[in-house]
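Laboratory data are not the source of any read-out in this text; all were calculated from the coordinates shown. Since this is a predicted model, take the numbers as computed values, not measurements. Backbone-built Cβ (ideal geometry, glycine too); neighbour counts: all protein chains shown.
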Amino acid sequence: MAALGQGPVVAVDGPAGAGKSTVARRMAERLEFLYLDSGAMYRALALKALQHGVDLRDETQLSHLLGTTRIELSGAGHKTPAVLLDGENVTALLRSPEVNASVSLVAGFPLVREEMVRRQREMAGEGHVIMDGRDIGTYVLPGADLKFFLTASLEARAARRLHDLLSMGFPADLETLAEEISHRDALDSKRAVGPLRRAADAILIDTTDMEVDHVVDMMLSFYRQRVGS
Ligand code: DC
């Protein structure tokens, strides 16, 4: 439960392409909450490392880089919340194939995760927040008022990513994407720190055959039942 004086907190976890960011963003709009995309923070660091030629396998260098990096996530009610990297809007660059290919590596380092988690907890401190990621309900915000774990078949998740990438103008094909997603799932689930895992008290929703609006309505109805209006 939320601490005294703190607003409600909702955690949304699940694998890539399960629909987390879309539904979490819409839910935040409906509740007038802040939407915090924790994956965007790992993506922003991966992008900066690529831009600065930092060795993506070097935990110490990455952790130093993060120490001098400002990552800001914009607030509620935005269709596509902006991500500022050292003050610059990098939203459009965060889903590039280069970042996709590097981000699991960056997110796998304990020193990087420790600092990211510290920042995520600070950002969620006042409540009225929906945060999505992999370890939000299990580790970052274990006391969240409501937790969801979204899944979908690999085929459905790859098809969604294909649609997203093509609409952003990146070249992509379904088979390669399915392979990439399944590789990323394995890395995200098997790592020692902050692995992708469903919290025991998270509500499981399989979004494979569900429209986005239906998922959002279902989540809002759980919210009203369990947290309030
Ligand atoms: O949700 P996403 O695809 O934008 O996440 C990008 C990467 O960051 C993905 O490989 C998993 C990782 N991640 C993580 O390890 N922990 C989080 N809380 C969020 C994302």
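For region 1-157, give me the percentage of DSSP beta bridges that are antiparallel, rounded to the nearest 5 percent. Each step should come with its number before you reach the end.
Numbers: 5 of 18 bridges.
Restricted to region 1-157, the bridges split so that about 30 percent are antiparallel.
Once a ≥ b ≥ c are taken as the square roots of the eigenvalues of the Cα gyration tensor of region 89-229, is the result rounded (a/c under 1.5), prolate (a/b larger than b/c) or oblate (a/b not larger than b/c)? Walk me through the numbers before you get to the answer.
On the way: a/c = 1.70, a/b = 1.21, b/c = 1.40.
Here region 89-229 falls in the oblate category.
Counting Lys and Arg as +1 and Asp and Glu as -1, what is the net charge of the other residues whose Cβ lies under 14 Å from the Cβ of GLU114?
Here the charged neighbours net out to +1.
Between Rg and the Kirkwood Rh of region 82-140, both from Cα atoms, what is the Rg to Rh ratio?
0.98
So if I take the centroid of the Cα atoms in region 52-131 and the same for region 151-201, what is the distance between those two points in Å?
Value for the Cα centre distance between the two parts: 18 Å.
So if we plug the beta-carbon distance of GLU114 and VAL227 into 1/(1 + (r/R0)^6) with R0 = 22 Å, what FRET efficiency do we get, rounded to 0.05?
The computed FRET efficiency comes out at 0.15.
About its Cα centre, how strong a charge dipole does the chain have in debye, to the nearest 20, once Lys and Arg get +1 and Asp and Glu get -1 at the Cβ?
Values: 26 positive and 32 negative charges, 82 e Å.
About 400 debye.
Output the peptides 116-125, 52-61 sorted from most to least packed, where packing is the average of other Cβ atoms within 10 Å over each peptide's residues.
Highest-to-lowest ranking by the protection proxy: 116-125, 52-61.
Sequence gap at least 6, Cα distance under 8 Å: using those rules, report the relative contact order of region 109-229 to the nearest whole percent.
34 percent
Say we join alpha carbon atoms closer than 10 Å with springs in a Gaussian network model of the chain; which of PHE148, PHE170, PHE33 then has the biggest fluctuation?
In this elastic network of the chain, the residue with the biggest mean-square fluctuation among PHE148, PHE170, PHE33 is PHE170.
Provide the per-residue ³J(HN,Hα) series for region 57-62, in order, calculated from phi with Karplus coefficients 6.51, -1.76, 1.60 and θ = phi - 60°, each as a whole number of Hz, with x at glycine and proline positions.
Once θ is set to phi - 60°, the couplings for region 57-62 become 9, 9, 4, 5, 4, 5 Hz.
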